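Visitor: One structure, as C-alpha cells, below. Some questions next.
The values are calculated or read from the model by the stated rules, or taken from the named source; none is laboratory data. Just so we're clear, the structure is a prediction, and the values are computed from it rather than from any experiment. Using ideal geometry, Cβ is built from the backbone for each residue, glycine included, and neighbour counts are taken over all protein chains shown.
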Amino acid sequence: MISLEREGAVGQISLHRPPANAYNQQFALELDEAVEGVRADDGVQAVVLTSTLPRFFSAGADVKFFQASTLPQKEKFILHMHEVLRKIELTPKVFIAAINGHCLGGGMEIALACDLRFAAAGAYGLGQPEISLGILPGNGGTQRLPRLVGKGRALDLMITGRTVPPDEALSIGLVDRIFPAEELLAKTREYADALTKRATLAVGLIKLATTRGLELPLDGGLAYEREALFRVFASEDAAEGVNAFLAKRAPVFKGR
C-alpha cells in the first residue's frame, strides 16, 4: 500500500491502495514504517509524499473499516494516525505533499501534516467532508486546518463539508503551488532536490522552530528560536556560509 523510494537526497513516499487510497489499520502501519524510514535515513534530506493513483491523493479513512470496527479499535486507529502525522510534523526534514487528485477527509489531514502542499491543476476537490457522515475530522483536521487557513475558513469547510477546487485552495492558502498535472511530480521533486543543496541542518531547524513556535506563546517561541540559532551558530554549515560569503564564492554545505 505504501512504498518508500530514494533518489539522491530526496525520499518519496507513495500511497497505493486502489481505488481511492482510503486507509485502514494496515495502511497506517505502512505509512508509519515509511515515515520512520525517512526519519532514520541521514541520506534523505527532503521528502515528497504523493499517490500512484490517477484521480485520488486520498479519500481518507476507509468507511467500511469504521463500520466493522469496535469503539476500542477506532480509538486505537485514530491514536496511531495522530502519532504518525505528528512524526511528519516533528521530523527536521521538509515534507511536501504532491496532491494529484481528490484530497478528502483523512487524506486532507495527511496533506495538512506536511510542511508544503503542491497541487495539480484539474477538476477535483480538497476538503473535510466528514460532517456528511455525521462525524468530525479526527486525524488533526480541526487543529491543523484553522492554523493554516484561519478559523472562519476552516469552520466553513468543516461544518458544510464543502470541497474546493485547486485554484480556490491556492487562494485561501490550503495549497502553496499549482502545477500542470503532468508536471506536478517532477516540479515537486525539483523543489525538494533544491532544498537538499541548502544548509539542511538550518532548513530542518527552521521547520521545527516554525512548527513548535506556532504551538507556543510568543516568548516560548522566541526561546525555541534562540536555541535553534545557537545550535546553527556552532555548525560547520554556518562557518562555511560565512566564509563563502566573505570570499565571494558559492557555499558548499554538508548538513552539519
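Visitor: Just checking, which of D167, D237, D193 is part of a helix (DSSP H, G or I) and either surrounded by fewer than 15 Cβ atoms within 10 Å (Cβ to Cβ) or among the hydroxyl-bearing types (S, T, Y) (or both)?
Guide: One residue alone meets the criteria, D167.
Each row is one residue, and each column tells you yes or no for (1) within 24 Å of V252 (Cβ to Cβ); (2) in contact (Cβ under 8 Å) with a residue 12 or more places away in the chain; (3) of a type in the set (S, T, Y).
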| residue | (1), (2), (3) |
| --- | --- |
| L185 | no, yes, no |
| E190 | yes, no, no |
| L205 | yes, yes, no |
| A209 | no, yes, no |
| R212 | no, yes, no |
| L218 | no, no, no |
| G221 | no, yes, no |
| E227 | no, no, no |
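Visitor: Search segment 230-256 for residues that are over 20 Å from Q45 (Cα atoms) and pair each with any residue that is surrounded by 11 or more Cβ atoms within 10 Å (Cβ to Cβ) and of a type outside the set (V, I, T) when their beta-carbon atoms are under 6 Å apart and the residues are at least 6 apart or on different chains.
Guide: Within 6 Å, the pairs are A244/P251.
Visitor: Are any residues in segment 240-255 out of contact with any Pro (no Cβ under 7 Å at 6 or more places or on another chain) and outside any loop (DSSP other than H, G, I, E, B), and if so, which ones?
Guide: Selection gives V242, N243, F245, L246, A247.
Visitor: Do we find a residue being in contact (Cβ under 8 Å) with a residue 40 or more places away in the chain, among the small types (G, A, S) and not assigned by TED's automatic domain parsing to the domain that holds L208 anywhere in segment 141-160?
Guide: no
Visitor: Still on this structure, I have one more. Filter segment 5-38 for residues that are hydrophobic (A, V, I, L, M, F, W, C), closer than 21 Å to A194 by Cβ and not in a helix (DSSP H, G or I) and give the result.
Guide: Start the filter on segment 5-38 by keeping residues that are hydrophobic (A, V, I, L, M, F, W, C), which leaves 9-10, 13, 15, 20, 22, 27-29, 31, 34-35, 38.
Still in the running and closer than 21 Å to A194 by Cβ: 9-10, 13, 38.
Listed by number, the residues that qualify are A9, V10, I13.
Visitor: I've got another one for you. Can you work out which of the residues in segment 201-234 that are in a helix (DSSP H, G or I) and touching a Phe, Trp or Tyr at 6+ places or on another chain (Cβ under 7 Å) is farthest from V94 (Cα to Cα)?
Guide: First pass over segment 201-234, keeping only residues in a helix (DSSP H, G or I): 201-214, 218-233.
Narrowing further to those that are touching a Phe, Trp or Tyr at 6+ places or on another chain (Cβ under 7 Å): 209, 212-213.
Working: A209: 13, R212: 14, G213: 16 Å.
The qualifying residue farthest from V94 (Cα to Cα) is G213.
To keep it simple, each residue is scored yes or no on (1) closer than 23 Å to N24 by Cα; (2) in contact with a His (Cβ under 7 Å, 6 or more places away or on another chain).
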{"residue": "C114", "(1), (2)": "yes, no"}
{"residue": "G125", "(1), (2)": "yes, yes"}
{"residue": "I131", "(1), (2)": "yes, no"}
{"residue": "R144", "(1), (2)": "yes, no"}
{"residue": "R162", "(1), (2)": "no, no"}
{"residue": "T188", "(1), (2)": "no, no"}
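Visitor: Right, here's the next one. Here's a check for you: in segment 39-59, which residue that is among the polar types (S, T, N, Q) and part of a loop (DSSP other than H, G, I, E, B) is surrounded by the fewest Cβ atoms within 10 Å (Cβ to Cβ)?
Guide: Restricting to residues being among the polar types (S, T, N, Q) and part of a loop (DSSP other than H, G, I, E, B), the top hit is T52.
Visitor: Right, something else. Look through segment 80-125, keep the residues that are assigned to a strand (DSSP E or B) and among the β-branched types (V, I, T), and return whichever of them is nearest to the chain's Cα centre (by Cα).
Guide: Among them, the one singled out is I96.
Visitor: Kindly establish whether G173 is of a type outside the set (S, T, N, Q), outside any helix (DSSP H, G or I), assigned by TED's automatic domain parsing to the domain that holds G60 and at positive phi.
Guide: Taking the combined requirement at face value, the residue satisfies it.
Visitor: With the checklist (1) modelled with pLDDT of 95 or more; (2) part of a helix (DSSP H, G or I) in hand, flag the one item K64 doesn't pass.
Guide: Condition not satisfied by K64: (1).
Visitor: On the basis of being free of Cβ contacts under 8 Å to residues at least 40 places away in the same chain, over 11 Å from the mean Cα position of the chain (by Cα) and more than 25 Å from G213 (Cα to Cα), does L71 make the cut?
Guide: Here the answer is yes, as L71 does meet what is asked.
Visitor: Can you spot a residue in segment 126-149 that is under 23 Å from Y23 (Cα atoms), buried (at least 18 other Cβ atoms within 10 Å of the Cβ), within 17 Å of the chain's Cα centre (by Cα) and of a type in the set (V, I, T)?
Guide: no
Visitor: Which residue, of V94, V35, is under 18 Å from M1 (Cα atoms) and either touching a residue at least 12 places away in the same chain (Cβ under 8 Å) or buried (at least 24 other Cβ atoms within 10 Å of the Cβ) (or both)?
Guide: V35
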